[in-house]
1. Of the DSSP beta bridges with both residues in the chain, give the percent that are antiparallel, rounding to the nearest 5.
2. Obtain the radius of gyration and the Kirkwood radius of the chain from its C-alpha atoms and give Rg over Rh.
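Rule-based calculations on the coordinates, nothing more; no lab input. Computed from a prediction, not measured in an experiment: that's the story for all the values here.
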């Protein structure tokens with residue numbers, strides 16, 4: 001699990017039926033160095049499934065790979081990244 005910052009949202013005009021009603025966000029994983037200096041993350045952007053209502057600039061706990069699809073079992077969804085938690089406060 002990594003910390004990521006929400007930098008945008010995704011709007012689809014067509015999608016898989018299993019994605020109907022999904023809220024997709026664009027997030028950038030944040031390193032410890034970037035958190036300490038409060039700088040903009042330089043990592044590659046990810047699209048994540050968000051069920052918690054994360055907004056622009058929010059920090060989230062990001063799960064990836066097989067763990068990202070776990071909340072949907074037994075249904076199968078082609079999800080690569082999932083917002084596992086909203087982070088209200090990060091203390092270093």
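1. Among the beta bridges of the chain, antiparallel pairing accounts for roughly 95 percent.
2. 0.98
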